[in-house]
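What follows is a set of notes on a single structure, which appears directly below.
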Amino acid sequence: MLFFRWIRSVGSVLRQRQENKRKKLALQQQCRELAEELQCCSRALQSNEAQFAIAGDPHMIESCIYQRQALRARHDSLMLQARLLYAEYTGSAAEVVRIR
């Protein structure tokens, strides 16, 4: 009887480890995707700054300003997602509360 309890206990521990491994792999994938999005957004911001520097037409300047505001908002949103993902990855619930 004791042996069967031990077997069930070991099975439970192994299932928990597999679940934790799946969660960790999913979080790592989300981190990679988020890093790619942040790089893309940063490149778009750099491109916008270059466009703004050469723009001569007032309408083009205004367009660059609005585009920059949108890109900054997107960048801020991605950074918040990154902070939340990091807090989840490290298991820091206090950090999640502080971020929100």
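Since every read-out is calculated from the coordinates, none of them should be taken as a lab result. Owing to the predicted nature of the structure, the values given are computational and were not obtained by experimental measurement.
If I histogram all Cα-Cα distances within the stretch 11-99 using bins 5 Å wide from 0, what percent of pairs lands in each bin?
3, 13, 16, 15, 14, 11, 9, 7, 6, 3, 2, 1, 1, 0
From the phi of every residue in the stretch 74-81, what ³J(HN,Hα) in whole Hz does the Karplus formula 6.51 cos²θ - 1.76 cosθ + 1.60 yield, where θ is phi - 60° and glycine or proline is x?
Using θ = phi - 60°, the values come out as 5, 4, 4, 5, 5, 5, 5, 4 Hz.
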